[in-house]
Structure formats: C-alpha cells, structure tokens
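Student: The structure follows.
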C-alpha cells in the first residue's frame, strides 16, 4: 500500500519547499510573513550587526591560527514588505569564515552565516485561511522550531496532524477485543481516515513516520522535514482551499436543485433531463 513509505525514497527526491538557514556575506532572504500570510519578511540591512567574540579574537595569537577559526555572532531585523502589515522579526545566529574560488580559480575568504533563531518565525508555506485554529497554531510552532531543531519541528508537525484528525472528527478511541476503550495510535487513526478519504490519508503516513523519528529523539534530515511540509501543504489546500472540488459540488447542487424543481412540476419527467 502507498502508506508503507521508506525514507530512502524521499532521499532521492527534492521537495519544492526550500528554506535555507544560511547566507553568505549579508542577509538576502525573504520569507512568508506570519502575521499577514501575504507579504514577505525582508532583512533591513542597516540593522545587520556582526560581532566577533573575544575568545575568537584571542585565538589569533596562536601560531597555528587560520581564518577558518574565526566565529561570529549576528543579529538582523526583518520587516514585512506589505506596508499595511509592517510586521517586524528579529533574526540571530552564528557565522564563520570560509573559502571559495573565483572564475579564474583564485581563492578568497568570505563570511558564511547560519540562522539559529527567528522570531516571530516566518511561515514555511502559506496556510489556507479556513484551516482549523489549533492545526494552524501547531504548524506555526513547527515553523518556529525548524530554525533550532528540525527533529522537534517534526514532532510539532505530527501534533498538528493529530489535531487535523480531531477537526475532521476521526475518532481517537476504540474498543479492543476485550471491550475496553483504548486510545488509538496515529497510525490507526490514519487507517480510519483512509476509509473515508484515502488519497489524503495515505499521503499523511509520511508525516507520521518522520514525526515518529522526532518523537523518539532521533535525528530528522532537513529534506525529509521539508518534504513532509510539502505533502501537508498539499493536503491542507485540498481540504480547505480546493476550488476545483468546491466548484464541482456547487455545479452538482445546482443541477440537483433544478431537477428536483422540474420533477415537482412534471412527475413523469425523465431523470436525465
């Protein structure tokens, strides 16, 4: 069955959701604003501040010192580029000196920075407006944890999926063979959901597997987390922003209503008119 997913399969794929935690020389990223969900958080370069700790400076006295021993700490303020919103976020992290080669093969040193915290954290994908509130809250928690701990972020994503099943009225308890009421595992709940909406439920088994790694304290690869985000984004759009499905339902309801009215006027009217 589709939900028996091996993570090696995902290792060969490149998710379309790409969220880089690093940049060179100066911040040049843009991320979805968590406040308006429309604009983008853009770095204000005038606030970009880099500091080299004293212990890093002192290391230069060592005879074996090399530029790649240098460490930095940085902060930068980001502002939503949508004027009506104007959300402000603070980003911080670490930096180091690395080496690269130019077009002519000459080497040069440059600064490489890694983001360690982002508050308020940007959204890694746009959440549909009709998404249940608790599902959205746990997703935002996952987005926030991503910058510091991908495994913890995966665990929060798993919790969001559990809340989604609650919102969809998928039972969380069942009777065992002894007749006792017991808690249903996430795997079991997804199986129940699969009986109703197989296409979406089967996709979400991947979230369960990656989330389980995070729950058990195992390392989750960034590409696996971003891959499950892509799957979850698709499922949420289909459930809460599926215009194609809504239009089909609207068209069918109109046809059914018209046919019912016609039959009430002419009982002998053929069903296929």
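The values are calculated or read from the model by the stated rules, or taken from the named source; none is laboratory data. A quick note: this is a predicted structure, and the numbers were derived from the prediction, not measured. Note that each Cβ is placed from the backbone with ideal geometry, even for glycine, and that neighbours are counted across all protein chains shown.
Student: For the stretch 106-116, name all the residues that are surrounded by fewer than 19 Cβ atoms within 10 Å (Cβ to Cβ) and under 19 Å from residue 226 (Cβ atoms). Full working, then the answer.
Tutor: We begin by selecting, within the stretch 106-116, every residue surrounded by fewer than 19 Cβ atoms within 10 Å (Cβ to Cβ); these are 106-112, 114, 116.
114, 116 - these are the residues of the stretch 106-116 that are surrounded by fewer than 19 Cβ atoms within 10 Å (Cβ to Cβ) and under 19 Å from residue 226 (Cβ atoms).
Student: A further question on this structure: Suppose we keep only residues that are under 22 Å from residue 81 (Cβ atoms) and within 10 Å of the chain's Cα centre (by Cα) within the stretch 123-143. Which one would you say is surrounded by the most Cβ atoms within 10 Å (Cβ to Cβ)?
Tutor: This residue is 143.
Student: Restricting to the stretch 119-133, and then to whatever is more than 10 Å from residue 233 (Cα to Cα) and part of a loop (DSSP other than H, G, I, E, B), can you tell me which residue is modelled with the lowest pLDDT?
Tutor: 129
Student: Residue check: is residue 68 loosely packed, with under 13 Cβ neighbours inside 10 Å and in contact with a strand residue (DSSP E or B) (Cβ under 6 Å, 6 or more places away or on another chain)? Reasoning before the result, please.
Tutor: Values: loosely packed, with under 13 Cβ neighbours inside 10 Å: yes; in contact with a strand residue (DSSP E or B) (Cβ under 6 Å, 6 or more places away or on another chain): yes.
Here the answer is yes, as residue 68 does meet what is asked.
Student: Part of a strand (DSSP E or B), touching a strand residue (DSSP E or B) at 6+ places or on another chain (Cβ under 7 Å) and loosely packed, with under 13 Cβ neighbours inside 10 Å - does that describe any residue in the stretch 50-62? Walk me through how you get there before you give the answer.
Tutor: Residues of the stretch 50-62 that are part of a strand (DSSP E or B), as a first pass: 50-51.
Restricting the remaining residues to those that are touching a strand residue (DSSP E or B) at 6+ places or on another chain (Cβ under 7 Å) gives 50-51.
With loosely packed, with under 13 Cβ neighbours inside 10 Å added as a condition, the list becomes 51.
Scanning the stretch 50-62 turns up at least one residue that is part of a strand (DSSP E or B), touching a strand residue (DSSP E or B) at 6+ places or on another chain (Cβ under 7 Å) and loosely packed, with under 13 Cβ neighbours inside 10 Å.
Student: Restricting to the stretch 56-77, give me the number of residues that are touching a residue at least 12 places away in the same chain (Cβ under 8 Å) and more than 22 Å from residue 99 (Cβ to Cβ). Walk me through it before giving the result.
Tutor: First, pick out the residues of the stretch 56-77 that are touching a residue at least 12 places away in the same chain (Cβ under 8 Å): 56, 67-77.
Next, from what is left, pick out any that are more than 22 Å from residue 99 (Cβ to Cβ): 75-77.
Number of matching residues: 3.
Student: For residues that are more than 20 Å from residue 98 (Cα to Cα) and without any contact (Cβ under 8 Å) to a residue 40 or more places away in the chain, scanning just the stretch 38-49, find the one that is surrounded by the most Cβ atoms within 10 Å (Cβ to Cβ). Explain how you work it out, then say what you get.
Tutor: As a first pass, look at the stretch 38-49 and keep what is more than 20 Å from residue 98 (Cα to Cα): 38-47.
Narrowing further to those that are without any contact (Cβ under 8 Å) to a residue 40 or more places away in the chain: 42, 44-47.
Working: 42: 17, 44: 12, 45: 11, 46: 8, 47: 15.
The residue in question is 42.
Student: Can residue 60 be described as at pLDDT below 95 and within 26 Å of residue 230 (Cα to Cα)? Steps first, please.
Tutor: Working: at pLDDT below 95: yes; within 26 Å of residue 230 (Cα to Cα): no.
Judged against the criteria, residue 60 is not a match.
Student: Can you name every residue in the stretch 134-160 that is part of a loop (DSSP other than H, G, I, E, B) and in contact with a helix residue (DSSP H, G or I) (Cβ under 9 Å, 6 or more places away or on another chain)? Give the steps one after another, and end with the answer.
Tutor: First, pick out the residues of the stretch 134-160 that are part of a loop (DSSP other than H, G, I, E, B): 147-149.
Answer for the stretch 134-160, where residues must be part of a loop (DSSP other than H, G, I, E, B) and in contact with a helix residue (DSSP H, G or I) (Cβ under 9 Å, 6 or more places away or on another chain): 147, 149.
Student: Now for a separate question. Do we have any residue at all in the stretch 246-259 that's at pLDDT 90 or above, surrounded by 11 or more Cβ atoms within 10 Å (Cβ to Cβ) and closer than 27 Å to residue 127 by Cβ?
Tutor: Looking only at the stretch 246-259, we keep the residues that are at pLDDT 90 or above, and these are none.
Checked against the condition, which is being at pLDDT 90 or above, surrounded by 11 or more Cβ atoms within 10 Å (Cβ to Cβ) and closer than 27 Å to residue 127 by Cβ, the stretch 246-259 yields no hits at all.
Student: Given 103, 28, which one is under 21 Å from the mean Cα position of the chain (by Cα) and exposed (fewer than 12 other Cβ atoms within 10 Å of the Cβ)? Write out each step before concluding.
Tutor: Values: 103 fails: under 21 Å from the mean Cα position of the chain (by Cα).
From the options 103, 28, the qualifying one is 28.
Student: For the stretch 233-245, which residues satisfy the criterion of being modelled with pLDDT under 80 and closer than 19 Å to residue 203 by Cβ? Spell out the reasoning first.
Tutor: Filtering the stretch 233-245 for residues modelled with pLDDT under 80 gives 242-245.
Hits for the stretch 233-245 are 242, 244, 245.
Student: Assess whether residue 90 counts as being over 21 Å from residue 222 (Cβ atoms), in contact with a strand residue (DSSP E or B) (Cβ under 6 Å, 6 or more places away or on another chain) and either in contact (Cβ under 8 Å) with a residue 12 or more places away in the chain or in a helix (DSSP H, G or I) (or both).
Tutor: Working: over 21 Å from residue 222 (Cβ atoms): yes; in contact with a strand residue (DSSP E or B) (Cβ under 6 Å, 6 or more places away or on another chain): yes; either in contact (Cβ under 8 Å) with a residue 12 or more places away in the chain or in a helix (DSSP H, G or I) (or both): yes.
Judged against the criteria, residue 90 is a match.
Student: Also, I was wondering about something else. Out of all the residues in the stretch 211-229, which are at pLDDT 90 or above and within 16 Å of residue 164 (Cβ to Cβ)?
Tutor: Across the stretch 211-229, the qualifying residues are 228, 229.
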